[in-house]
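Single-structure report; data block below.
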Amino acid sequence: MKTLLSTIFCILSALSINAQEPISIDLWPNGLPNSNGIDKTEAFDDSKNNFKPNIKVFLPKAEKANGMAIVCCPGGGYTHLAVGHEGYDWAPYFNDLGFAFIVLKYRMPHGVTEVPISDAKEALRVVRENAKKWNIDPKKVGIMGSSAGGHLATTVATHSEPGTEPYFQILFYPVVTFDALYTHMGSRNGLIGEKPTYDQICLYSNEKQVSSNTPPAIMLLSDDDKTVPSANSVNYYLALKRHGVRASLYIYPSGGHGWGYRKNFKYNTEMLSNLTSWLQTLK
């Protein structure tokens, strides 16, 4: 019995030594550049969806690292964050493929549009600033988003400036447009308010903001999604193709909305296979 216990202890000790503990980083250590009205008046409290803007960095083992990184924006309709199945749960998958995986906790806008966008752009900057330390090529930092997080990701991808442009986009059932005919109204209201101007609607309808400089994208969603219509991804895909941007679109027969990494999504195996194949095309 002592021999067996000793063996188990040695195995667990080896695993703990080899495991890479995630690194947590405050995005704005010198103070927030803007405010949503509650982040400077209350203590940050996840239970109140008042998130301290920060990133949690999951690094692959050195021998697996491919030099690429992904900043992940979980969804939540610009009112909360699904950081589990649309965030942290993805880390082992991407690390196993050699990607550094960085989950962003961004602040909710509360009607101040630039708040989550500035957090996402800062996350890309911080990752690039630490690229050498984390064994990352600063030119190969992509962005990933689910649902409203997909809107944030496509906003960064289509409204970027030097230093914040992502290398690629991974989008799960993303909100892309703010056209009332097929947007997710909760996300639209959360980011630009209930009475936006026409110019605001157009500016953040990201299918209208695509250019030849927009990074390549993969979109994965379900045909029966009643929350975010598939037209969001389809029209984004068509806009990317019109501008000569490489894009892939996978629409699964069922699954609804918000499945993320959950194993009970019927097409989880196929989805991971499609995503893995696409990731292998990145150079």
Exercise. Return the pairs, sorted by first residue and then second, in which the second residue is surrounded by fewer than 24 Cβ atoms within 10 Å (Cβ to Cβ) and among the acidic types (Asp, Glu), the first residue lies in the stretch 158-173 and is over 13 Å from residue 138 (Cα atoms), the beta carbons are less than 9 Å apart, and the residues are 6+ apart or on different chains.
Key: 158/207; 173/225
Practice problem: Could you check, for the stretch 99-106, whether at least one of its residues is surrounded by fewer than 24 Cβ atoms within 10 Å (Cβ to Cβ) and of a type in the set (Phe, Trp, Tyr)? | Solution: no
Quiz prompt | Within the stretch 65-90, tally of residues that are small (Gly, Ala, Ser), within 12 Å of the chain's Cα centre (by Cα) and within 20 Å of residue 126 (Cα to Cα) | solution = 2
Quiz item: Got a sec? Which of 235, 206 is modelled with pLDDT of 95 or more, touching an Asp or Glu at 6+ places or on another chain (Cβ under 7 Å) and under 27 Å from residue 111 (Cα atoms)?
Solution: 235
Quiz item: Do you know which residues across the stretch 238-272 are surrounded by fewer than 19 Cβ atoms within 10 Å (Cβ to Cβ), in a helix (DSSP H, G or I) and either among the acidic types (Asp, Glu) or over 19 Å from the mean Cα position of the chain (by Cα) (or both)?
Solution: 238, 241, 242, 269, 270
Quiz item: Could you count how many residues in the stretch 26-65 are closer than 14 Å to residue 109 by Cβ and hydrophobic (A, V, I, L, M, F, W, C)?
Solution: 3
Quiz item: Can you tell me which of 146, 118 is under 10 Å from the mean Cα position of the chain (by Cα) and over 14 Å from residue 204 (Cα atoms)?
Solution: 146
Practice problem: Can you work out which of the residues in the stretch 195-215 that are assigned to a loop (DSSP other than H, G, I, E, B) and touching a Gly at 6+ places or on another chain (Cβ under 9 Å) is surrounded by the fewest Cβ atoms within 10 Å (Cβ to Cβ)? | Solution: 212
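The values are calculated or read from the model by the stated rules, or taken from the named source; none is laboratory data. This is a predicted model, so every value here is computed, not measured. A quick note on method: Cβ atoms are made from the backbone with ideal geometry, for glycine too, and the neighbour counts reach across all protein chains shown.
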